[in-house]
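The structure appears below as structure tokens.
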Amino acid sequence: MAFISSAAMKAAVAALLVFAAVSPAARAVAAEAEAKAKAVGGAPSVPAGSLDIAQLGAKGDGKSDSTPMVLKAWKHACEATGQQKIVIPKGNYLTGALDLVGPCKSSIIIRLDGNLLGTGDLNAYKRNWIEIQNVDNLSINGHGTIDGQGALVWNKNECQRSYNCKILPNSLVLDFVTNAQIRGITLLNSKFFHMNIFGSKNVVIDKVTIKAPGNSPNTDGIHIGDSSNVTISGTTIAVGDDCVSIGPGSKTIRVKGVKCGPGHGISVGSLGRYKDEKDVEDVKVTGCTLAGTTNGLRIKSYEDSKSSLKATKFLYQDVTMDNVSYPIIIDQKYCPNNICVKSGASKVAVNDVVFKNIHGTSNTPEAITLNCANNLPCQGVQLINVDIKYNRSDNKTMSVCKNAIGKSIGMAKELACV
């Protein structure tokens, strides 16, 4: 028998006591976590080919077509197991549509050190530019840029004139993606939306920069729809439309520490345009700054909404407004391009909305606008310590509130409209 020191024996006994003290439930949770960790992609395998697009023949000259090389790297990574890293090295890589489709056997990291450029040839796209579908465990990180080169085609955008227009390609789309992290990268000059998240869950967007001219059409920063547990943090967005837009079916959305402007603000909606839309629930926007935007914090639904749904459990807190045209808006009578039947009979219920510690300046006298429906008033609206001042001397700060039920706390008289 091997000799065991008294110190080793004491350590072993202590370990057994600790293990015994852990409840069966805790041990089960730990075992499940370990099993999940092993199950994500399984044991790493050697991919069938390189995951570096330059090694696959891509030229970073901004002119040569790198589409086949990116698709090949994705195929190699997706068919391997374990964690696999696709590398976009320094350089400018021109591509057409990149349909990156799962399910994959691996968890995939896309390391973006160089720049991806979306071709200006619209015939190169079926729908979107970079579309990632049906993937679990995805990470996109680095200091490179996804450049949509939207200026080449913005003049072909007819959505400002016709609401049933042909949609130009979105830059980065996550469809039915679970457990995704996007960190550190820049999205630039999208043809349409910079990022569109649909049918996805457990998505983190952190320290991302999104930029396009303030007059660029429909260049929303990040759009979310039918998704849950999405967090946007520490991100800077300057675009020609909504910095963040939260569509139907979105639940447990967190927007924190975001800098927005220029742009149209942080919006929920439009809601009720289509049939069978789902509720929007549990949205928190905290610690954000909006500068020079046309709107600030906005909830909007169609006046002749096609769906019956709820927008509920919203918290807007610790937000700074800097020269924002309409800082706080709830509009249940939204009707762009006069396409609605103006009956005032909304089907979208807006409930439990809290605006707390919102301060700064407004570029119009109307700092608060609550334009709720006659037949379905907004319920549970709270204005708490909202201090927004009109930044000119030709008029006074005011609020305009219709059919809004709630309470005002710590408010100046001219803003305390509920």
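The values are calculated or read from the model by the stated rules, or taken from the named source; none is laboratory data. None of the values given here were measured: they were computed from a predicted structure. All Cβ positions, glycine included, derive from the backbone under ideal geometry; neighbour counts span all protein chains shown. To get the accessible areas, we keep the full protein, side chains included, count just its heavy atoms, and leave off ligands, DNA and RNA. Shrake-Rupley method; radii C 1.70, N 1.55, O 1.52, S 1.80 Å.
Is there a residue in the range 120-143 that is charged (D, E, K, R), open to solvent by 20 Å² or more (accessible area, probe 1.4 Å) and touching a Ser or Thr at 6+ places or on another chain (Cβ under 7 Å)? Yes, the conditions are met somewhere in the range 120-143.
For the structure I just gave you, tell me whether Val354 is out of contact with any helix residue (DSSP H, G or I) (no Cβ under 8 Å at 6 or more places or on another chain), in the same structural domain as Asn403 (by the TED database) and surrounded by fewer than 17 Cβ atoms within 10 Å (Cβ to Cβ). Here the answer is yes, as Val354 does meet what is asked. Of the residues making up the range 275-298, those that are part of a loop (DSSP other than H, G, I, E, B), open to solvent by 40 Å² or more (accessible area, probe 1.4 Å) and within 24 Å of Asn375 (Cα to Cα) are Lys275, Asp276, Lys278, Asp279. Selection of the range 227-239 for residues being in a loop (DSSP other than H, G, I, E, B) and either at pLDDT below 95 or surrounded by 21 or more Cβ atoms within 10 Å (Cβ to Cβ) (or both) yields Ser227, Thr235, Val239.
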